[in-house]
1. Specify which of the listed residues (Ala25, Ala112) is surrounded by 12 or more Cβ atoms within 10 Å (Cβ to Cβ), in contact (Cβ under 8 Å) with a residue 40 or more places away in the chain, touching a Gly at 6+ places or on another chain (Cβ under 8 Å) and farther than 27 Å from Leu133 by Cβ.
2. Answer with yes or no whether Tyr35 is of a type in the set (Ser, Thr, Tyr), open to solvent by 70 Å² or more (accessible area, probe 1.4 Å) and in a helix (DSSP H, G or I).
3. Only one of Ala111, Ala84 is of a type in the set (A, V, I, L, M) and more than 16 Å from the chain's Cα centre (by Cα). Can you tell me which?
4. Looking only at residues that are touching a residue at least 12 places away in the same chain (Cβ under 8 Å) and open to solvent by 60 Å² or more (accessible area, probe 1.4 Å) in region 115-124, which one is nearest to Asp56 (Cα to Cα)?
5. Quick one: count up the residues across region 42-67 that are assigned to a helix (DSSP H, G or I), open to solvent by 90 Å² or more (accessible area, probe 1.4 Å) and modelled with pLDDT under 90.
6. Return only the number of the condition from (1) open to solvent by 90 Å² or more (accessible area, probe 1.4 Å); (2) among the β-branched types (Val, Ile, Thr); (3) at pLDDT below 85; (4) in contact with a Gly (Cβ under 7 Å, 6 or more places away or on another chain) that Ile127 does not satisfy.
7. Output the number of the condition that Ala111 fails; it satisfies all remaining conditions of (1) part of a helix (DSSP H, G or I); (2) small (Gly, Ala, Ser); (3) at pLDDT 85 or above; (4) farther than 23 Å from Ala11 by Cα.
8. Within region 71-86, which residues are surrounded by 13 or more Cβ atoms within 10 Å (Cβ to Cβ) and closer than 19 Å to Val32 by Cα?
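The values are calculated or read from the model by the stated rules, or taken from the named source; none is laboratory data. Model, not experiment: these values are computed from the prediction. FYI the Cβ positions are ideal-geometry reconstructions off the backbone, even for glycines, and counts take in every protein chain you see. Quick note on the areas: whole protein, heavy atoms, side chains included, nothing else; ligands and nucleic acids left out. Shrake-Rupley method; radii C 1.70, N 1.55, O 1.52, S 1.80 Å.
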Amino acid sequence: QSTTVRERLLAMLALFFATVALTLAGVGLYGVLDYSVLQRRREIGIRMVLGARAGDIAWRVTADVFSMVLVGAAVGLGLGMASARYIETLLYQVQPTDTRMLALPSLTILAAALVAALPAVIRAVRIDPANMLRTE
């Protein structure tokens, strides 16, 4: 057990930094989404006046979020696959192209994007169209 202390410490350190990175990415994504809803509030108000339901507005905002996330994930997975042979020596009994090992981080990022998108979707649905059009 004393021979694996260094590896365990490095794994714990990597887990800590991965958690910090995921938290920062989630906060950044939340900020971008909230700002985009703020900029589009007039458009959302007009859509609501013309008869768009809250579900339609939520779907549009969520689709915008996940289109950005999926493009980023595709680019990240592509770059990861391209650099797989360089990091293969750092992995122990795991192939860098193992789909189970690629699915877990991908699903974690999608879950973080969903959590970051919820406040923006709620804000978009709660826009009062009459008040929004009166202000502009």
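1. Details: Ala25 fails: touching a Gly at 6+ places or on another chain (Cβ under 8 Å).
Residue meeting the stated conditions: Ala112.
2. On the way: of a type in the set (Ser, Thr, Tyr): yes; open to solvent by 70 Å² or more (accessible area, probe 1.4 Å): yes; in a helix (DSSP H, G or I): yes.
Answer is yes for this residue.
3. Answer to the selection: Ala84.
4. From region 115-124, those touching a residue at least 12 places away in the same chain (Cβ under 8 Å) are 115-117, 119-121, 123-124; that's our starting set.
Now narrow it down to the ones that are open to solvent by 60 Å² or more (accessible area, probe 1.4 Å): 115, 123.
Values: Val115: 19, Arg123: 14 Å.
Checking each candidate, the answer is Arg123.
5. Restricting attention to region 42-67, the residues satisfying the condition of being assigned to a helix (DSSP H, G or I) are 42-49, 54-67.
With open to solvent by 90 Å² or more (accessible area, probe 1.4 Å) added as a condition, the list becomes 42, 59-60.
Right, trim to modelled with pLDDT under 90 and you get 42, 60.
The total comes to 2.
6. With respect to (1) open to solvent by 90 Å² or more (accessible area, probe 1.4 Å); (2) among the β-branched types (Val, Ile, Thr); (3) at pLDDT below 85; (4) in contact with a Gly (Cβ under 7 Å, 6 or more places away or on another chain), Ile127 is out only on (1).
7. For Ala111, the failing item is (4).
8. Gly72, Ala73
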